[in-house]
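Values in this text are rule-based calculations from the coordinates and carry no lab data. Remember, it's a predicted structure, so these values are computed and weren't measured experimentally. When we count neighbours, we look across all protein chains shown, and the Cβ atoms used for this are built from the backbone with ideal geometry, even at glycine.
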Amino acid sequence: MIHAHLTSMLLALILFILVYVQLGKGKNPKVLQMILRVMYVLIIITGLMIFFGLYEINFLYVLKLIVGLMVIGVFEMLISWKQKGKPTGPMWIAFVLAFAAVLLLGMMLPLGMDYL
């Protein structure tokens, strides 16, 4: 299940970049945006399956779940602010911080790969 979760996260990141670039060019990427939202659903479902399949749930897993949902929220806010023409600087800072926290927690926790 972890591989499905990581694959859907990577696809969502690629689709997010594609949608954001298309918005920057003045195009309307409705289809890509809908596929991106399907990826969000897959990320949430696989993440919950991993979370509830754990033998012991500690605070760091709950924190990773919350910050992971924040990353998805920031993705959507970046796209909507870009569509409305609002400045996206603060959202990019929130995205970098939340994404770094999710990656760090994912690598630190026992189900992650030990790169640190």
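Angle of helix 2-24 to the longest C-alpha principal axis of the chain, folded into 0 to 90 degrees and rounded to 10: 20°.
If r is the Cβ-Cβ distance from Val38 to Leu111 and R0 is 22 Å, what FRET efficiency results, to the nearest 0.05? Display every interim value, and only then the final one.
Values: r = 24 Å, r/R0 = 1.10.
According to the calculation, E is roughly 0.35.
Between 0 and 90 degrees, the angle of helix 59-84 with respect to the longest Cα principal axis of the chain falls at about 0 degrees. The angle separating the long axis of helix 30-52 from the principal Cα axis of greatest extent in the chain is about 10 degrees. Here the simple spin-label model places points 7 Å from the Cα toward Cβ, and for Gln22 and Ile45 these points are separated by 2.2 nm. Each label point was placed 7 Å from the Cα along the Cα-to-Cβ direction; for Gln83 and Ala4 their separation is 2.9 nm. Note on the chain: lysine pairs with Cα distance below 21 Å, sequence gap of 8 or more or different chains, count 9. In the chain, helices alone account for a calculated mean residue ellipticity at 222 nm of -28000 deg cm²/dmol, with every DSSP H run of four or more residues adding -39,500 (n - 2.57).
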